[in-house]
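Enquirer: Just passing along the structure, written as structure tokens.
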Amino acid sequence: MISFEQALSKILYLADKIDFEEVKLEESYSRVLAHDAISSRDQPPFDASAMDGYALNKIDKLPSKKLSVIGKVAAGNSFDGTVGKGQAVRVFTGAPMPKGTNSVLIQEDAEELENFITINQIVEKKDFVRKKGCDYKSGEILLQKGKILTSFDIALLASMNFPLLKVMKQPRVSIISTGDELVFPGNLPDSNQIVASNTYGLKALLTKWGATSHILPIARDNISSLEKAIDLAIPADLVITIGGASVGDHDYVNKVFNKINVKHSFYKVAMRPGKPILAGKNNNTIFVGLPGNPVSALVCAQLLLKPLIGKMLGTSELNNIEKKASLQNDLPKNGGRKHFMRAFFNNGYLEVSQKQDSSLLNVLQKANALVIRKPNEPPAKKGDLISYLDLD
Ligand code: AMP
Ligand code: MG
């Protein structure tokens, strides 16, 4: 049995970075940027008025001063002449500042009569000019390769004039549930059957992490059924089986992985929940056998598959980040395996769930954190600072 840290580094070692593809900007949400995004232009590209008002030279911005208005310019247009002393140009938000001006008098601060304005007694001192390049300059790296694109990233990329983007291809994942006892939701289970659940949670997690996945028909607990399902799974970058990974008489995953020549990376990890978890590779496909218990499958997915997908996508944003917070209840000495305990983080405090059985999906659904306990860690007390991960 290997440690959790060894398992993580071994599973990451299996991953090759996937190729990139070009997509339309509007289809790039949540995709991983495959190149640095460098601006080719200053933003704004010219000094621009930030308000509706009058562009003038700031030495003329004096209470009661009367100025002649020699033109008008709105966004998208320009004023061709030069503005001299005692003169102003009517401007609107986004208009380029006319030559000779460096300040905007907001329209509320003046009375206009025919082609003249008289400045009010009380005047806003601010210039209300957006300087050329005040948002960003030409040649700046604004987004880095590996960034998972948010809506604000996409707005920024649009302003940089990218109609298309190179993004990482989405890893293709096949999910195989195993077990004679399983039916898919929507079917009528007989009295000794249960409904497959973690299969669907796993698919949702994979979607969230940027992979595409499909759920294959349930493999029954025999070698040929699992082999058939795996045949359907290829081509995939990653094949995940759920259940059947232990050493019971009805656990076939390891046997089938061996039979189809999956080169084993590891089998059994000193972690809770989890232990029976295996990983390996055959040609370019990574095979991972997750434990069947709902909590084990989903927690192991977050701990090992999320960073794996991240490595395939060339992003570090899917690495699990350890944080610390104050414990709200006492914990006993930990056993020999690294324990990831379901907990609820609220307002700086972590409350560890009383029930930690790895079949309890209802407990997992109410948790939002995993408290981390090292192998053989001594008891922890209420108020101790303790490491945890956000639960996805
Ligand atoms: P196994 O690892 O196959 O021994 O399964 C461990 C436990 O998880 C058993 O109680 C299974 O019925 C249950 N289980 C296995 N696969 C799933 C699944 N896809 N959804 C929900 N429970 C499952
Ligand atoms: Mg089973």
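The values are calculated or read from the model by the stated rules, or taken from the named source; none is laboratory data. Computed from a predicted structure; not experimentally measured. FYI the Cβ positions are ideal-geometry reconstructions off the backbone, even for glycines, and counts take in every protein chain you see. Surface accessibility is based on the protein's heavy atoms, side chains included, excluding ligands, DNA and RNA. Shrake-Rupley method; radii C 1.70, N 1.55, O 1.52, S 1.80 Å.
Enquirer: Within the range 230-268, how many residues are polar (S, T, N, Q) and either near ligand 1 (Cβ under 9 Å from one of its atoms) or within 31 Å of the chain's Cα centre (by Cα) (or both)?
Expert: Within the range 230-268, the subset polar (S, T, N, Q) is 241, 246, 254, 258, 261, 265.
The next check asks that each one be either near ligand 1 (Cβ under 9 Å from one of its atoms) or within 31 Å of the chain's Cα centre (by Cα) (or both); those that pass are 241, 246, 265.
Number of matching residues: 3.
Enquirer: Here's something else I'd like to know. Look through the range 225-267, keep the residues that are among the small types (G, A, S) and assigned to a helix (DSSP H, G or I), and return whichever of them is nearest to ligand 2 (Cβ to nearest atom). It would help to see each step written out before you state the result.
Expert: Within the range 225-267, the subset among the small types (G, A, S) is 225, 229, 233, 236, 243-246, 248, 265.
Filter once more, keeping what is assigned to a helix (DSSP H, G or I): 225, 229, 233.
Numbers: S225: 12, A229: 13, A233: 18 Å.
Looking at residues that are among the small types (G, A, S) and assigned to a helix (DSSP H, G or I), I get S225.
Enquirer: Counting only residues that are within 16 Å of ligand 1 (Cβ to nearest atom) and among the hydroxyl-bearing types (S, T, Y), which one in the range 151-178 is farthest from R41 (Cα to Cα)?
Expert: Of the range 151-178, the ones within 16 Å of ligand 1 (Cβ to nearest atom) are 173-178.
Next cut, among the hydroxyl-bearing types (S, T, Y) only: 174, 177-178.
Working: S174: 43, S177: 52, T178: 55 Å.
The extreme case among them is T178.
Enquirer: Could you pull out every one of the strands (runs of 3 or more DSSP E) wholly within the range 46-148 that has 3 or more residues that are open to solvent by 30 Å² or more (accessible area, probe 1.4 Å)?
Expert: Numbers: elements: 53-56, 66-73, 87-91, 103-106, 110-113, 116-119, 141-143.
Per the criteria, 66-73, 110-113.
Enquirer: Which of the following residues is part of a loop (DSSP other than H, G, I, E, B) and closer than 26 Å to K203 by Cβ: N362, N319?
Expert: Working: N362 fails: part of a loop (DSSP other than H, G, I, E, B).
The match here is N319.
Enquirer: Also: Are there any pairs with C-beta distances below 7 angstrom linking a residue in the range 290-312 that is within 15 Å of A279 (Cβ to Cβ) to a residue that is assigned to a helix (DSSP H, G or I) and not aliphatic (A, V, I, L, M), with the two at least 6 apart or on different chains, and if so which?
Expert: Partner pairs satisfying both residue conditions: L290/C300; P291/C300; A297/N198.
Enquirer: Still on this model: Any residue at all in the range 206-213 that's more than 16 Å from ligand 2 (Cβ to nearest atom), outside any strand (DSSP E or B), charged (D, E, K, R) and modelled with pLDDT of 95 or more? Lay out the reasoning, then the answer.
Expert: Pass one, the range 206-213, residues more than 16 Å from ligand 2 (Cβ to nearest atom): 206-213.
Then drop every residue that is not outside any strand (DSSP E or B), which leaves 206-211.
Of the ones still in play, those that are also charged (D, E, K, R) are 208.
When the remaining residues are screened for being modelled with pLDDT of 95 or more, the result is 208.
Yes.
Enquirer: Among the listed residues K255, K275, K228, identify the single one that is open to solvent by 50 Å² or more (accessible area, probe 1.4 Å) and closer than 23 Å to Q356 by Cβ. Show your work before the answer.
Expert: Values: K255 fails: closer than 23 Å to Q356 by Cβ; K228 fails: closer than 23 Å to Q356 by Cβ.
Exactly one residue qualifies, and that residue is K275.
Enquirer: Same structure again: Specify which of the listed residues (L157, L182) is surrounded by 17 or more Cβ atoms within 10 Å (Cβ to Cβ), closer than 30 Å to I234 by Cβ and touching a helix residue (DSSP H, G or I) at 6+ places or on another chain (Cβ under 9 Å). Even if it seems obvious, please write down each step before you answer.
Expert: On the way: L157 fails: closer than 30 Å to I234 by Cβ.
So the residue among L157, L182 that is surrounded by 17 or more Cβ atoms within 10 Å (Cβ to Cβ), closer than 30 Å to I234 by Cβ and touching a helix residue (DSSP H, G or I) at 6+ places or on another chain (Cβ under 9 Å) is L182.
Enquirer: Checking K324 against (1) within 16 Å of ligand 2 (Cβ to nearest atom); (2) farther than 26 Å from D19 by Cα; (3) in a strand (DSSP E or B), which single condition isn't satisfied?
Expert: Failing condition for K324: (1).
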